[in-house]
Amino acid sequence: MSTRVKICGVTRVEDARMAWAAGTDALGLNFYPRSPRYVTPEVAAALARTRPALGAVVGVFVNESPDIIRARVRDCGLTSVQLHGDEPPEACAGYGVPVIKALRVRGPEDVEKARTYVGAGDVATLLLDGAAPGYGGGGVGFDWSLVARLADAGVPVLVAGGLNPDNVREAVRATRPYGVDVASGVEISPGVKDADAVRAFVRAVKTLAWE
Ligand SMILES: O=C(O)c1ccccc1NCC(=O)[C@H](O)[C@H](O)COP(=O)(O)O
């Protein structure tokens, strides 16, 4: 089985095209106004138009109003939404696309909390991230051994937080995830992707065979 790659926090069309060409499966577009990777709806729509036939464009939101999320899905060509804040399970439906619920993991209790989202609303995937200040994108990892606690949950799990081209193979070997997600680990500066690092990240994941 091949592990999916999501490159998150893309803000420039040239970076989007580069990431698709490198073999990423998904791009993350950040709609959290306090993120250094925030994109306006207009820029997001331009980024989404680079999507190849089999690619996914994920809108990242933090405690956003459902009406705004629905408007961004409609106007920006999003294929799924990632709720990266303190949204309860009942907020994970009603957007017309699959939901990725992100949880920040400090310890086992956060993985148990993640379980409460399994089967909730339109949650199709969980994303386990480190507990960076400011909700995400801070290059903070977590104890990968905790991912095994969701092995029987029957839901695809994305692993994120502090990943980079040098450690992502170890992360995949340790967690056997549905996919991996990275923002700061493949950047020159927040929102500006490093083409060599993106290519190295994708290559590291896609050339790793599962036994
Ligand atoms: O990237 C951000 O600035 C961000 C801000 C607020 C909420 C989520 C954010 N990013 C979401 C992601 O999916 C990141 O890829 C994930 O947090 C991992 O980031 P990093 O540790 O920098 O790879």
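The values are calculated or read from the model by the stated rules, or taken from the named source; none is laboratory data. None of these values were measured; they are calculated from a predicted model. Virtual Cβ from ideal backbone geometry, glycine too; neighbours counted across all protein chains shown.
Of note:
- Residues of the range 121-157 that are farther than 16 Å from D181 by Cα and without any contact (Cβ under 8 Å) to a residue 24 or more places away in the chain: P133, A151, D152.
- Consider the range 118-167 and keep the residues that are among the hydroxyl-bearing types (S, T, Y) and crowded, with 16+ Cβ neighbours inside 10 Å. The one that is farthest from the chain's Cα centre (by Cα) is Y135.
- Cβ-Cβ under 7 Å pairs, at least 6 apart or on other chains, the range 83-104 side closer than 19 Å to A71 by Cα and in contact (Cβ under 8 Å) with a residue 40 or more places away in the chain, far side within 11 Å of the ligand (Cβ to nearest atom) and part of a strand (DSSP E or B): H84/V60; H84/F61; H84/A102; I100/V58; I100/Q82; I100/L127; I100/L158
Here's the yes/no breakdown for (1) modelled with pLDDT under 95; (2) of a type in the set (S, T, Y); (3) farther than 18 Å from G179 by Cβ; (4) within 11 Å of the ligand (Cβ to nearest atom):
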position	(1), (2), (3), (4)
E14	no, no, yes, no
G23	no, no, no, no
N30	no, no, no, yes
R34	no, no, yes, yes
R37	no, no, yes, yes
A48	no, no, yes, no
V58	no, no, no, yes
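- Residue within the range 183-200 that is modelled with pLDDT of 95 or more and under 14 Å from L128 (Cβ atoms) present: no
- Residue among G154, G138 that is outside any helix (DSSP H, G or I), away from the ligand (no atom under 15 Å from the Cβ) and at pLDDT below 95: G154
- Any hit, the range 109-123, residues being within 28 Å of A16 (Cβ to Cβ) and either of a type in the set (K, R) or outside any helix (DSSP H, G or I) (or both): yes
- Figure legend. Inter-residue proximity from the range 1-25: first residues under 16 Å from L208 (Cβ atoms) and touching a residue at least 60 places away in the same chain (Cβ under 8 Å), second residues assigned to a loop (DSSP other than H, G, I, E, B) and within 16 Å of the ligand (Cβ to nearest atom), beta-carbon distance below 6 Å, spacing 6+ or different chains. Indicated pairs: R4/D25; V5/T24; V5/D25.
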